[in-house]
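K.L.:
Dropping the structure in here first, questions after.
The values are calculated or read from the model by the stated rules, or taken from the named source; none is laboratory data. Keep in mind it's a predicted model, so treat the numbers as computed, not measured. No Cβ is skipped: glycine too gets one built from the backbone with ideal geometry, and neighbour counts run over all protein chains shown. Each accessible area value is taken on the protein alone, full model and side chains, heavy atoms only, with ligands, DNA and RNA left out. Shrake-Rupley method; radii C 1.70, N 1.55, O 1.52, S 1.80 Å.
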Amino acid sequence: MTIIDAHTHFIPESLEEEAVHRPEWGIELTRRDGTRWVSHEQGFAYPLDETFFGGDAKLADMDSRGLELSVMSISPTLFFYWIGASDAVSFARYANDALADVVGRVEGRLTGVATLPMQD
């Protein structure tokens, strides 16, 4: 029997570098007590755990939980419903490409669900 986690959030590892050039996203990445945090204009904030990236930390976490497969999709905090349609299309393309890259590197352990720019 295969044990599957069908609901895992994904955040592109390059989000910090991208956000600097994308003020329309309304997010900022900062450090608090040595931990990276994502902060949104709307006021919510959360620690940026490396398991969101889908790399080695994610696989180690899966192994510790006895999971064989995780289905990853963009974190709901990054749906960006409040930005313009063309910017949302650009973000969706960026996020989906990043997710496809991660899934391709760990074939068989991760699969992905794409995001769509719902305002377009």
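K.L.:
Out of the strands (runs of 3 or more DSSP E) lying entirely within region 13-114, which hold 1 or more residues that are under 30 Å from Ile3 (Cβ atoms) and out of contact with any His (no Cβ under 6 Å at 6 or more places or on another chain)?
P.N.:
35-40, 45-47, 69-74, 110-113
K.L.:
For Phe79, are the conditions met, namely being buried (at least 17 other Cβ atoms within 10 Å of the Cβ) and within 17 Å of Gly108 (Cα to Cα)?
P.N.:
Considered against the rule, which asks whether it is buried (at least 17 other Cβ atoms within 10 Å of the Cβ) and within 17 Å of Gly108 (Cα to Cα), Phe79 comes out as no.
K.L.:
While we're here: How many residues, within region 33-58, are touching a residue at least 12 places away in the same chain (Cβ under 8 Å) and aliphatic (A, V, I, L, M)?
P.N.:
Number satisfying all stated conditions: 2.
K.L.:
Further question: Quick one: is Phe44 at pLDDT below 90 and either out of contact with any strand residue (DSSP E or B) (no Cβ under 8 Å at 6 or more places or on another chain) or surrounded by 15 or more Cβ atoms within 10 Å (Cβ to Cβ) (or both)?
P.N.:
For Phe44, the condition - at pLDDT below 90 and either out of contact with any strand residue (DSSP E or B) (no Cβ under 8 Å at 6 or more places or on another chain) or surrounded by 15 or more Cβ atoms within 10 Å (Cβ to Cβ) (or both) - is met.
K.L.:
Looking at (1) open to solvent by 50 Å² or more (accessible area, probe 1.4 Å); (2) over 15 Å from the mean Cα position of the chain (by Cα); (3) free of Cβ contacts under 8 Å to residues at least 40 places away in the same chain, which is the one condition that is false for Ala85?
P.N.:
Unmet for Ala85, out of (1) open to solvent by 50 Å² or more (accessible area, probe 1.4 Å); (2) over 15 Å from the mean Cα position of the chain (by Cα); (3) free of Cβ contacts under 8 Å to residues at least 40 places away in the same chain: (1).
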